[in-house]
Structures are given as structure tokens and as C-alpha cells.
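> Shown below is the structure under consideration.
The values are calculated or read from the model by the stated rules, or taken from the named source; none is laboratory data. Keep in mind that this is a model prediction, so the values were computed, not measured. Cβ atoms come from the backbone with ideal geometry, glycine included; neighbour counts cover every protein chain shown. To get the accessible areas, we keep the full protein, side chains included, count just its heavy atoms, and leave off ligands, DNA and RNA. Shrake-Rupley method; radii C 1.70, N 1.55, O 1.52, S 1.80 Å.
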Amino acid sequence: MKQYKKTKHKFSIKWKVFSFLVIFTAIILLILWLSQTIFLSDIYKAIKMQSLKNSANEIAEVIHSENLEKTVKDLATKNEFCIIVQDNEGKILADSEFMHNCVIHNISYRDRAKLYLEAKEKDGILIERFKYNPKENVFQSVKDEETTSEENIIFTKYFTDSNGNENAIFINSILTPVNATVKTLNTMLIGISIALLAIALVLSFVISYSISKPINKLTKCAKTLADGNYDTIFPTNSSKEISTLADTLNYASSELKKNEALKRELIANISHDLRTPLTLITGYGEVMMDIPNEMTTDNVKIIVDESKRLSSLVNDVLDVSKLGSGTVELTLENFDLTETVHQSMERYKKLVEQEGYDIRFEPVGNYYVNADKQRILQVVYNLVNNAVTHTGDDKKVIISQSVTQHFGKNYVRIEVTDTGDGIEADKLPLIWDRYYKVDKFHKRAQMGSGLGLSIVKSIVELHQGYYGVNSTVNIGSTFWFELPII
């Protein structure tokens, strides 16, 4: 038999959640550090360059508008730019000097013309970098690979307006040194990082603990359930998912408790039913062995009958086990169900003739089905035996036949009706359970083991048929099953 192998313990969910949250916080801090230190300068320059281009495009759109001067001044004030707008003859259409030591206002017309021509040659856009030399009081061009603590950018846009006139827009901006800003941000980031990391550690521990605590409780309860304590109650005062799991485990616990009780009851009942024929067989056998005159046909018949009953009990228990485990294989064939039920009635001649039972079969035509004939006979026998066991004082059992429909397909229905005490409505869903008995002290069946209804349920389900019961207290019960007609 396969033994339960205890799995090797890995990291608990508490520490996994804790680790994930800490790693997530570390990634966020890393992104902050990279964006505010290493990439800050590049980001700042990219934003500044985009602002220059957008401003130039906005001015170009209002080049012939009365709002040109106002637009130029607003853009210069808003972005801290120096702006000059001129035509191809050098005439200044609008300008605004917002910065101190503005390059485009301090260079000559000739230098601006040079920028104009270079922009014209470079598809209308030219970007030049300058730095101020205080010793010589001049602006010097800066190569692309050079870096300076402070530099000026001149953005030149050459374009042709709607009248075909050539114009140029010069925008000067200072790239504010970011080194001091970076240093300040680094200092702030150190403090922020320490604070965030501390908060993250605390929150991670609290969150991971709050998640793992109810799971640990469920685990402890599950261990007690595994040890056979079916009174275990799983706590449900947690999150929706954990509460749903707890509810499911509570339901499983109650079902296990019920099944365990029913199994014990079944064992007790089967033991009692087995003890009776064994006692009779042993008793009559000893009498016949000790007293020669007791070797009679009646005594032998009792031993044979009890042996058959004992065999029937054992077979029913085996059938329940096989049907429950799903190992039964059906041998399907086409046969006349009506004729088969007729033949099964021969088994009850003794009850009719000697004990006064009224067992009648009322068919309406002959119907063929594709099923396992022996298993369907077992269904019929079990239902009739159940009716014989529970029928009233009139000892009447009626087997009837009819035709029904499900989803446009015809089914033949076999009904077995008794005149017994009936079954209460709240117990009807339970009677098909293999461990359930409606009455604890029912009279012993003439045939069968008391497991008949669970066997009926399993066999009919294997045939993909329908089954059920209609019962009225103090009037009687009607058990039925249906199989598709071929």
C-alpha cells in the first residue's frame, strides 16, 4: 500500500509575500535613483529641446498674426527664453529678451545670418551650443561631445510662410546646471529611500502575516481533521477567498463526519445481517450432526436458503464497492425490457403463493433498450425487494410501465409502488446514499441486504438513465427508473 510521504518544507507563504514586497520596493527605489541621478540630465535636456521645438512651431503658426509679438513675449516669459523672429532680409518681426547675457541679442547680424543659412541647409532646423567666456566676454561654440557647467542653446528654425517668404526664428535658452540639483536630490533620496525601505519592511511583514495567519489556522485544523476529529471547525473570519476555502472545508468535515457515522452504522447492520444466517447455518448444522433424526429436508433447505442469503449479502457489499470505485464494466445488448421484467416476477412466486403477497406487473406494450441485462435485472430486483420490505399490511406491490420523454427522446419508465408508511420529504434526497437508512429498526427484507437503493442509483447512472422516488407519508412510495428506448 502506498504510504503517505511528507513533503519537504520550503519557504512559507509569509516569507514569500514578504520577499516579493521587499523586492518590489527595492525595484521602485532603483528606478527612482536611476531617473533622478544618472538619467536626470538627459531627461532635462530632452524636455528642454522639446520645449524649444514646440515654441518655434507655435510662433511659425502666427507669423502673420497680430498676436505675433504677444505670443513671442508669452513664450519667452513662460519658458525663460530669448526669441528673435526675422525675415530673409534681416528685418526683425518680433523679439523678446528675457535672459541676462542673451546670445542671440549679443551676436552680430552676420552671425545670425550664418545660423540662418546653416538652418536652411539642414532641413530648416539648427541647434548650436555655446558657453560664455567671462575673460574675453565672448560666447564660444561647444562641440557635441563637450560638457560644461553652464551652456546656451540657440535653436534656429528656417521656414517658408504661406506667402512664400523665407523667415527664421531664433530661440536662446540656458541649460541650467543640474549638478547641484542632482546633489540635492541624492541627499533627499537617501532619506526617502531609508524611510520607504523601513515602511516597506513593516508593511511587508504585516501583509504577509495577515495572509499567512488564517492559512496557518486552516492548516492546523486540517491536521486535526486528518487525525479523525470530524468536529473540527475551520475559522471563516478572513478574506473572501480564505473564507470560501474554510466554508468548503467545513462542508467536507461535516460530510466526512456524516459518512463516518453512516459507515459505522453500515458495518453494524451488515454484521448483524451476516450474523443471522451464519448462526442459523451453524446451529442447524450442529443439530444435524449431533442428532441423526434431524437430518431432514426442511433443515437442509434452511441451511441452503440462509447460505444463499449470506451469498446475496456478500455480493451486494461487493457490488456497492465496485460501483462506488467505478470499476464495473457494462455488457451492453439490445433486449426486451418488458419481457425481462415479466421473467423476473417468477422469483416472487413463493412470496405470492405461500405468504399472500400481491405482486403484479402492469405493462403497456413491449419496449427494447440497449443496456446490461443482468445489471438492469439487479435494479428491478432491488426495487421490488425494497417494496416488499416496506409495503403495508395488504402486502401489495405494483410494477407498472410507461413512456416518457427527455429532450425529445423517448424513455421507458419502470415504477415500483408499495403501500407502506412512506418517506418524509426531507429524507427523500438521502435515501439513495449507500450508508443511509430511513428507519433504524425496519423489518428485515425477504431478499437483499438493505443496500439496494444505492446499487440502483449507481447502475442507472452508469446507463445514463434517470431515477427517482415519489412518496407520501402513510400512503406509500413509488420508486422508478428510466432507460432510453431503441
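> List pairs: first residue in region 99-113 and in a helix (DSSP H, G or I), second residue open to solvent by 60 Å² or more (accessible area, probe 1.4 Å) anywhere in the structure, Cβ distance under 6 angstrom, at least six positions apart or on different chains.
What qualifies is His105/Glu97.
> I need a count of the residues in region 72-91 that are surrounded by 12 or more Cβ atoms within 10 Å (Cβ to Cβ) and either over 60 Å from the mean Cα position of the chain (by Cα) or within 24 Å of Ala113 (Cβ to Cβ) (or both).
Number satisfying all stated conditions: 13.
> For Phe361, all conditions in the list (1) more than 17 Å from Val412 (Cβ to Cβ); (2) under 52 Å from the mean Cα position of the chain (by Cα) hold save one; what is the number of the exception?
Of (1) more than 17 Å from Val412 (Cβ to Cβ); (2) under 52 Å from the mean Cα position of the chain (by Cα), only one is false for Phe361: (1).
> Could you look through region 22-71, keep only residues that are of a type in the set (Ser, Thr, Tyr) and either within 16 Å of Asn172 (Cα to Cα) or assigned to a helix (DSSP H, G or I) (or both), and pick out the one that is most open to solvent (accessible area, probe 1.4 Å)?
Within region 22-71, the match that is most open to solvent (accessible area, probe 1.4 Å) is Tyr44.
> Could I ask something else about it? Being in contact with a Pro (Cβ under 9 Å, 6 or more places away or on another chain) and crowded, with 18+ Cβ neighbours inside 10 Å is the filter; apply it to region 407-425 and report the residue that is farthest from Ile475 (Cα to Cα).
Tyr411
> Next question, about the same structure. Looking at this structure, is Thr236 modelled with pLDDT under 85, farther than 29 Å from Leu29 by Cβ and surrounded by fewer than 18 Cβ atoms within 10 Å (Cβ to Cβ)?
Against the criterion (modelled with pLDDT under 85, farther than 29 Å from Leu29 by Cβ and surrounded by fewer than 18 Cβ atoms within 10 Å (Cβ to Cβ)), Thr236 qualifies.
> Now a separate question. Applying the selection to region 159-173, what residues are in a strand (DSSP E or B) and surrounded by fewer than 22 Cβ atoms within 10 Å (Cβ to Cβ)? Quick ask: steps written out before the conclusion?
Looking only at region 159-173, we keep the residues that are in a strand (DSSP E or B), and these are 159-160, 166-173.
Those that are in a strand (DSSP E or B) and surrounded by fewer than 22 Cβ atoms within 10 Å (Cβ to Cβ): Phe159, Thr160, Glu166, Asn167.
> Follow-up question, since we're still on this one. Of all residues in region 174-207 being open to solvent by less than 30 Å² (accessible area, probe 1.4 Å) and modelled with pLDDT of 80 or more, which is farthest from the chain's Cα centre (by Cα)?
My answer is Ser193.
> I would also like to ask the following. Looking at (1) touching a residue at least 60 places away in the same chain (Cβ under 8 Å); (2) in a strand (DSSP E or B); (3) more than 60 Å from the chain's Cα centre (by Cα), can you tell me which one Arg129 breaks?
Here Arg129 meets the rest and fails (1).
> Checking the structure you have, find out if any residue of region 301-309 is under 53 Å from the mean Cα position of the chain (by Cα) and open to solvent by 90 Å² or more (accessible area, probe 1.4 Å). Step through it out loud before you land on a result.
At the first step, the residues of region 301-309 found to be under 53 Å from the mean Cα position of the chain (by Cα) are 308-309.
Restricting the remaining residues to those that are open to solvent by 90 Å² or more (accessible area, probe 1.4 Å) gives 308.
Yes: region 301-309 contains one or more residues that are under 53 Å from the mean Cα position of the chain (by Cα) and open to solvent by 90 Å² or more (accessible area, probe 1.4 Å).
> Then there is this: On the given criteria, is Val328 in contact with a helix residue (DSSP H, G or I) (Cβ under 9 Å, 6 or more places away or on another chain), modelled with pLDDT under 95 and surrounded by 11 or more Cβ atoms within 10 Å (Cβ to Cβ)?
Against the criterion (in contact with a helix residue (DSSP H, G or I) (Cβ under 9 Å, 6 or more places away or on another chain), modelled with pLDDT under 95 and surrounded by 11 or more Cβ atoms within 10 Å (Cβ to Cβ)), Val328 qualifies.
> Residues of region 239-268 being under 19 Å from Ile13 (Cα atoms), in contact (Cβ under 8 Å) with a residue 12 or more places away in the chain and either open to solvent by 60 Å² or more (accessible area, probe 1.4 Å) or assigned to a loop (DSSP other than H, G, I, E, B) (or both), which ones?
So the first thing to find is which residues in region 239-268 are under 19 Å from Ile13 (Cα atoms), and the list is 239-246.
Among the residues that remain, those that are also in contact (Cβ under 8 Å) with a residue 12 or more places away in the chain are: 239, 242, 245-246.
Ser239, Leu245 - these are the residues of region 239-268 that are under 19 Å from Ile13 (Cα atoms), in contact (Cβ under 8 Å) with a residue 12 or more places away in the chain and either open to solvent by 60 Å² or more (accessible area, probe 1.4 Å) or assigned to a loop (DSSP other than H, G, I, E, B) (or both).
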